[in-house]
Amino acid sequence: MDMDSNMSEGPGLTDAGLNMSNYTAASDFLAALLDDTTLQQSDYAIARAFWYGIVIVIVLTGMVNWVEWGLLKLRLRAAAANRPRSTNPFNSVVPFLACCTAVIREVSYHQITPTNSWLRIPAVGSILLIVIYFGFIMGLQFFDWNYPGAQYWEAQGLRAGWLTIAQFPLLLLLAGKRNLIGYAVGVSYERLQVLHRWVARVMLLTATIHGGVQAYGWKKYEVMEIEISTDSCIPTGFSTWILLLWLVFSAAAPIRNWSYEIFVVQHIITFIGLVVGIFYHLPSTALSSKIYAWIGIGLFIFDRLVRTLIYAFNNIKPANSTLHSLSGDVTKVRITAPQIKKWSPGQHVFLSIPELGFGQSHPATILSVPSSHDNDLVLILRAHQGFTQRLLCLAKLSSTDLSQGAQEKENVRKEVAVQEMKEKYFSLIGGPYGGSHSDFAAFDTVLLIAGSTGVSFTLPILLDIAHRSKNQRLPVRKIVFTWVIRTILCKEWIAEELQQATESLLNVGIVIEVKIFVTCELDPTENLMKKAECNCGKVEGPCCCTDSGIEKRQNVSNTLITQASGELDIESCSSKSLPQTQAKIGNPSRSPCCTIESGRPQLKPLLWNLLDHAKGETGVAVCGPPGLVSCVRNTVATVSEQRGSNKGTGAEGVYLHAEGFAW
Ligand SMILES: Cc1cc2nc3c(=O)[nH]c(=O)nc-3n(C[C@H](O)[C@H](O)[C@H](O)COP(=O)(O)OP(=O)(O)OC[C@H]3O[C@@H](n4cnc5c(N)ncnc54)[C@H](O)[C@@H]3O)c2cc1C
């Protein structure tokens, strides 16, 4: 039989009349089956179509992002020029766009509340994006699918293979810290991590289709044994698939969180193995597919190179950290980093103190802004079990806390394996990274919500607005700073900064309300009275300086417990009650204060009330435990829906930025 004429023409390859027990006939048939000369053309086009789709999405998202950025800039300009209602350009310019934005936000902000700390469910917006991505890949996989003859399975498998390799550069683009996609669409790298993981999962799926469907075809035509014994693609492909499977499996939240350092090391080693595997596996006949592998490697090297250069620059002049232990197992780290002079609120750095763990680098959000703390970076880090625990140990016994005995210090020195206790520790700083949220100064009303150490995200936003408002009129009229903490003693973490910021804001006429919710104490004021930090020394509530004595304080404390509605409003120190003249002068003996409540905040009434009084768009920022973050997400989405924001009801829109200290 003339194999050639039978296999490459007509309605497609057929095994009709072939005796597969004849090795030569079976080998020839297999060779024809594997011949991808024609298939390569269409698969290469499919891989290109994949990239056209990705580029279109990036460009469109980038454009939306830049338009939003431009509109916020316009608001800032309008406010600086004293034009009224400067936070509302949408309604006057493009009501339709504002309505679309509101609808998209309402859908995408929702998030299913996680039931335990191991489970991470992305917000609806991310889920939709993942579903669309999956649909796009499946659409390309089955697009124009009627391949004739015996090559049907082979062709389907090859297309899945092409789609797998085509996704490789995207996988790496989404992984980098100096993230090109992130810069284009205005999203920071840590928020893209969820997409990085899902692209890997879809790659695993297409790689499985690639191998599985081809294997099915070989089995069907009884050429499996010859294929296994003659084609090096089988062992290289299978081992590469195993590596990809391991990468995906080991990156799942429970394993990733079990030991982060081990996760990172094995992830990089496995990734290198994967790259080697890909190069061995890609056939020399499909050379153009290697382009994708090379682009992926190029992107990886580019990211590492840029990061290394910036890291080297940041650390040319050594940074020094001073450690202070605070209530609630928190360490306040103050870093003098001569090379890092600029960062924006909400950005984080990677802190490494070589004495506390070689090669360990931990992310922490910068609590300070460049204009505060003499341009030092200030971090607050809660102690977990590793680096942060050692940091706290050291802070407790560092020379800034001289209360401890020599023997105890010696024990800790041994425990944390530090040569000697010092006042300052040599530190290496990576970053700053992140901080991709909108400028909160450009909203009419701002609600900042933090849970515990999440305040290191919301406080710098407040400090930034406070600082800028001194030099320039801003659109923002009112800020509500909400902080949920376990015990009122945690207030010491930021007492000074909060007081300075609130004073500055009051001085320029921006309404500021500080609401503290204490979840683990029935009567938060009891502790507070033991440990008040107000300058005047005459304390009535946190940073509420009045002339009242102990007796009056006791009354306030009692009122706190008995107030059924929950919200404590200490009249004497509310921003409204401050006479304008006094506020402008900034009487040092009378500082703005906060309200303190026992229990969790009632988010819906809080937000609803705020929106009732908003005269333009409201910005909400939240950072804290997953439960709090998803609760705020759902509340913002629901309240916006129910009020019909930007849908002709007169209700203004709500922007939300949520951070979670995790990826
Ligand atoms: C962008 C970002 C900003 C953060 N900002 C703050 C902050 O301002 N204040 C604060 O208290 N915490 C912050 N965190 C969390 C903080 O980085 C971790 O709690 C800390 O790294 C835990 O170190 P450990 O060795 O003591 O942890 P372990 O006890 O070993 O583990 C505790 C948890 O931290 C995770 N983790 C450990 N090392 C790292 C690492 N290098 N990178 C990421 N996660 C890690 C683990 O997966 C685990 O879930 C932030 C995290 C991220 C991702």
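Given a cut-off of 28 Å, what percent of all Cα-Cα pairs of the range 110-310 lie beyond it?
32 percent
Would you please report the Å³ per residue occupied by the convex hull of the alpha carbon atoms in the range 208-340?
150 Å³
Quote the relative contact order of the range 110-310 in percent (integer), defining contacts as alpha-carbon pairs under 8 Å separated by 6+ residues.
Relative contact order for the range 110-310 comes out at 25 percent.
Carbon and sulfur: what percent of the range 110-310's accessible surface (1.4 Å probe)? Present the calculation step by step, with values, prior to reporting the outcome.
Numbers: 7240 of 9700 Å².
Roughly 75 percent of what the probe reaches on the range 110-310 is carbon or sulfur.
How much length is gained on full extension from Ile297 to His384, taking 0.36 nm per residue of separation minus their Cα-Cα distance?
27.8 nm
Over its Cα atoms, what ratio of radius of gyration to 2.2 N^0.38 Å does the range 210-251 give?
Relative to the rule-of-thumb radius for its length, the range 210-251 sits at 1.33.
The range 247-343: which trypsin sites (Lys or Arg not before Pro) are DSSP loop and have at most 11 other beta-carbon atoms within 10 angstrom?
Details: sites: Arg256, Lys290, Arg304, Arg307, Lys332, Arg334, Lys341, Lys342; in loops: Lys341, Lys342.
Here the sparse-neighbourhood loop sites are Lys341, Lys342.
Heavy-atom accessible area per residue, the range 110-310, 1.4 Å probe: how many Å²?
Here the per-residue accessible area is 48 Å².
Would you kindly state how much longer the chain becomes between Ile56 and Asp231 on full extension, computed as 0.36 nm times their sequence separation minus their alpha carbon distance, in nm to one decimal?
Fully extending the segment from Ile56 to Asp231 adds 59.2 nm.
Tabulate in residue order the Karplus-calculated ³J(HN,Hα) for the range 142-148, using 6.51 cos²θ - 1.76 cosθ + 1.60 with θ = phi - 60°, rounded to whole Hz; enter x for Gly and Pro.
Couplings: 9, 5, 6, 9, 8, 5, x Hz.
Between Asp35 and Leu428, take the C-beta separation as r, use R0 = 60 Å, and let me know the FRET efficiency to the nearest 0.05. If you can, show how the numbers build up before the last one.
Working: r = 55 Å, r/R0 = 0.91.
With R0 = 60 Å, the Cβ-Cβ based efficiency is 0.65.
FRET efficiency for Arg600 and Glu222, Cβ-Cβ distance as r, R0 = 56 Å, nearest 0.05?
0.25
Go through Lys342/Lys478; Lys342/Lys615; Lys491/Lys515; Lys317/Lys342; Lys478/Lys604; Lys73/Lys615 and tell me which ones have a Cα-Cα distance over 21 Å in this structure.
With Cα atoms farther than 21 Å apart: Lys342/Lys478; Lys342/Lys615.
Determine the gain in length on full extension of the stretch Lys73-Cys100; use 0.36 nm per residue of separation and subtract their C-alpha separation, reporting nm with one decimal.
Extra length available between Lys73 and Cys100 comes to 7.7 nm.
How much FRET efficiency would the formula 1/(1 + (r/R0)^6) give for Val64 and Ala25, where r is the Cβ-Cβ distance and R0 is 60 Å, rounded to 0.05?
Efficiency, rounded to the nearest 0.05: 0.50.
With a sphere of radius 13 Å drawn around the Cβ of Ile301, what net charge do the other residues whose Cβ falls strictly inside it have (Lys, Arg +1; Asp, Glu -1)? Could the numbers behind the result be given before it?
On the way: positive: Arg178, Arg304, Arg307; negative: Asp303.
Result for the neighbourhood of Ile301: +2.
The values are calculated or read from the model by the stated rules, or taken from the named source; none is laboratory data. Since the structure is predicted, the reported quantities are computational estimates derived from the model, not experimental observations. So basically every Cβ, Gly included, is an ideal-geometry build from the backbone, and we count neighbours across all protein chains shown. Just so you know, the surface numbers come from the protein's heavy atoms only, side chains and all, with ligands and any DNA or RNA stripped out. Shrake-Rupley method; radii C 1.70, N 1.55, O 1.52, S 1.80 Å.
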